[in-house]
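Report on the structure given below.
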Amino acid sequence: MHQAQARTKMPGKDSYMSCTHISELIPLYISRDLDESETEAVGQHLLSCEPCRSLESQYREADSWLKSLSEVEPETPANGELRARVNHQLDTVETKRIGWKTVVLAGAIAAALLITSAFALTMYKGTDQINHDAGSVAIIRQEPVPQTLSPALPKVSRRRLTVRLASHSSVSRKYAMPPFKAVEIADVKRSPETATHTPMRIEIQTSDPNIRIIWLTDNGGIE
Amino acid sequence: MPGDAAGILLVAENPGSGSEAVDEVLARARSGDRDAFNILIMRHEQRILRLAQRMLGSREDAMDAAQETFLRVFRHLHTFDLKRDFSAWLYRIAVNVCRDSARRRKPDSPLALVEEAPVSERQESDAILAQQRRILRQALSILSSKERAALVLRDIEGLDTVEVARLLNSTPTTVRSQISSARSKLREFHLTHASGAGANKDAGKG
């Protein structure tokens, strides 16, 4: 900043603006970014202050120089490069979205096939036998029965956990519908009553409250 | 510019029928038509790249910002009101992307401009243009990111102070302060580098 400090009175005000203050306003003065009173004060100051006029000139030259440089277009990418990059990103996002949907769809189809197959298998086997693979039924009563009933009682396969109601085929078909499930035969075998090879009458409540199985073991208990 | 885009651009610049053609492309792009969206990119990419390069400095950063700008536009285009000025909307998104990008850099430090794309510059037929670009990059690199954003929008893009403040989510007073500071730095840079031996020295670096 130059040493000779001129002072300019603000129009309509009692305050004065020094060269230091004026020099701070010049960057905005050149682009008319000052309010009216400031613009007038700077203009008056510049009329009488050579150093500040020189400073203003430097700002204007720098401003023109910057604008002239800005007229030169920046280096641009090869034609289509930006579009290629944008489209690649969009394609990637789309592929991911499609991939996710495909996985979900495939999973749903597989699950549907699995459920259908399991249901069909259950229906098929249910026509002549009942599978018992889970413990969703409860033995609600087991008690000895008279010896005279034993020859006609159904057979039980302990290994396969299957109740075979050969002599009650009509009942079997009726009850072999889901959610008819399992009976834990091992519990029957381990019970004190079956250990004595006494014919048993066992009532089994399935998971369907409307279905109850009346099961009579033969003289030898559980096979 | 490829022929199809240029053709549409000519139609768009033809008074009377232009607005309909522009709206049609925009409406198609808005409904998800990728071809129409590519036409929009072709139409605006130069301006967006130029802005991004001014605000960010390096060509690669500018490419990233321009790419992000158009991706954001594509994602939100379905919400765009066709009665509004698409160019202004796009421009505002680009400024926001550039601001976000600049913010991710080191805070309170001038943007470091990488001496970039030497291959491209070697292929530049006009060495003077390449030199001018380099000098401009160097000049802008001495500014802080906020000073640069304000100066680029005000002095290079030619927006008024109020509009610059609006785009930068700032106030006119703050923007004026940033512009004043930026011009002071550029005046000194100009005195030092852009005349006499300083300019020749810079030219020699190329």
Query - Other protein chain Cβ atoms within 10 Å, averaged over every residue that makes up A:57-70 - result: 6
Requested in this report: Give me a single rounded figure for B:156-163: the average over its residues of other chain Cβ atoms within 10 Å of their Cβ.
Outcome: 2
Query raised in the report: Other chains near B:40-52: what is the mean number of their Cβ atoms within 10 Å of each residue's Cβ?
Result: 3
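Could you give me D for segment A:22-83, from Stokes-Einstein at 4 °C and 1.567 mPa s, where the hydrodynamic radius is the Kirkwood radius over C-alpha pairs? Units µm² s⁻¹, please. Spell out each step's value before the answer.
Numbers: Rh = 13.8 Å.
Once the numbers are plugged in, D ends up at 94 µm²/s.
Among the trypsin sites (Lys or Arg not before Pro) within segment A:12-65, which fall in a DSSP loop and have no more than 15 other Cβ atoms within 10 Å of their own Cβ?
Answer by residue number: A:13, A:32.
If we count other beta carbons within 10 Å of each Cβ, what is the order of B:33, B:85, fewest first?
Going from least to most buried by this count: B:85, B:33.
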**Report entry** Per principal axis, descending, Cα span of segment B:137-178 in whole Å
**Finding:** 27, 17, 13
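Applying a 10 Å radius around every beta-carbon, put B:175-183, B:35-43 in order of their mean neighbour count, most first.
So the peptides B:175-183, B:35-43, ranked by packing, come out B:175-183, B:35-43.
The numbers here are math on the coordinates, done by the rules we state, and not lab data. It should be emphasised that the depicted structure is a prediction, and the values quoted were computed from it without experimental measurement. Cβ: placed from backbone, ideal geometry, glycine included. Neighbour counts: every protein chain shown.
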